[in-house]
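Each remark here refers to the structure printed beneath this line.
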Amino acid sequence: MSKQDIASIAAQLVVEEGLEYGPAKRRAVRQLKLPERTPLPDNDELETAVREYLDLFCADTQPAELLALRRLALVWMERLAEFRPHLGGAVWHGTATRLSDIYLQLFCDDEKSLEIKLIDQGVRYQPRTASGLHGESVDVLGIHAMCQPLGIFVGLHLMVNDRDAVRGALKKDAMNRSPRGDLASVRMLLSTFEDQ
C-alpha cells in the first residue's frame with residue numbers, strides 16, 4: 001500500500017463523512033490494516049485526492065454547496081468585520097461540501113471583545129482552545145450557523161488571534177497559494193464564482 005492508497009481512502013472520508021485531514025488519514029491507515037507508524041500523505045497530497053474525488057463523485061452537488069458555505073462565511077465576516085476576519089480551510093480552498101465547517105481567523109486587540117459582541121448579538125457559542133496560526137494555543141468560539149440554502153446548521157469556528165498575528169497569516173503555502181483570504185478576497189472569490 002502506498003501513500004496514494006491512504007490518500008484515496010482518506011479523501012473519501014473527508015468528503016463523505018466530513019472528517020478533518022488528520023483523523024481521516026489515521027482512519028484510512030486503520031481501514032487498510034496498516035501499521036500505526038505507516039508514513040502518511042501530506043496535506044497537499046490529500047487535498048489533491050479530495051479534489052479528484054469531488055470531480056469524480058460530487059461534480060453535480062459540490063459547487064452549489066461550496067457557494068452556499070462561502071456566502072454564509074461572507075455574512076459572518078461582514079458581521080465581524082471589526083476583527084479583521086480571514087477565511088481559511090476547505091471553504092476558502094474550494095474543497096468544501098455540506099459536511100464542511102467554516103473556519104474564520106479573527107485578529108483582536110482584546111480577546112474578550114469578540115465574546116462581548118456575540119453576547120450583545122444574542123449569539124450562543126461554545127468556547128474551547130486549539131492550535132493557532134503559529135502553533136500557539138488560541139481561543140476558539142464555536143457557533144452553529146444556519147445555512148438556509150442547504151437547510152442545515154454548519155459549524156462556524158472563530159479562531160481568536162492577537163492583532164499582530166495577522167502579519168504571518170497570509171504567508172503562501174507550499175503550492176504558492178494564500179492559505180486564507182480577507183473580506184475583500186472572499187467578496188472577489190464569490191463574484192468570480194457567481195459570474196461563471
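In the set (1) under 30 Å from Lys3 (Cα atoms); (2) at pLDDT 95 or above; (3) of a type in the set (Ser, Thr, Tyr), the condition left unmet by Thr38 is number (2). When Thr61, Thr97 are checked against the criterion of being of a type in the set (Ser, Thr, Tyr) and surrounded by 14 or more Cβ atoms within 10 Å (Cβ to Cβ), a single residue qualifies: Thr97.
If you take the residues of segment 77-86 that are assigned to a helix (DSSP H, G or I) and out of contact with any Asp or Glu (no Cβ under 9 Å at 6 or more places or on another chain), which of them is surrounded by the most Cβ atoms within 10 Å (Cβ to Cβ)? Restricting to residues being assigned to a helix (DSSP H, G or I) and out of contact with any Asp or Glu (no Cβ under 9 Å at 6 or more places or on another chain), the top hit is Phe83. Would you confirm, using the coordinates I've provided, whether Leu74 is crowded, with 17+ Cβ neighbours inside 10 Å, in a helix (DSSP H, G or I) and over 14 Å from the mean Cα position of the chain (by Cα)? Spelling it out, it is not the case that Leu74 is crowded, with 17+ Cβ neighbours inside 10 Å, in a helix (DSSP H, G or I) and over 14 Å from the mean Cα position of the chain (by Cα). Taking the stated definitions as given, is Ser113 within 18 Å of Glu78 (Cα to Cα), in the same structural domain as Leu67 (by TED's automatic domain parsing) and not in a strand (DSSP E or B)? In short, yes. A residue that is under 22 Å from Leu72 (Cβ atoms), of a type outside the set (Val, Ile, Thr) and in a loop (DSSP other than H, G, I, E, B) occurs somewhere in segment 183-196. If I filter segment 22-57 down to residues being part of a loop (DSSP other than H, G, I, E, B) and among the acidic types (Asp, Glu), which single residue comes out as farthest from the chain's Cα centre (by Cα)? Among those that are part of a loop (DSSP other than H, G, I, E, B) and among the acidic types (Asp, Glu), it is Glu36.
The values are calculated or read from the model by the stated rules, or taken from the named source; none is laboratory data. This is a predicted model, so every value here is computed, not measured. Neighbour counts are summed over all protein chains in view; Cβ atoms, including those assigned to glycine, are modelled from backbone coordinates with ideal geometry.
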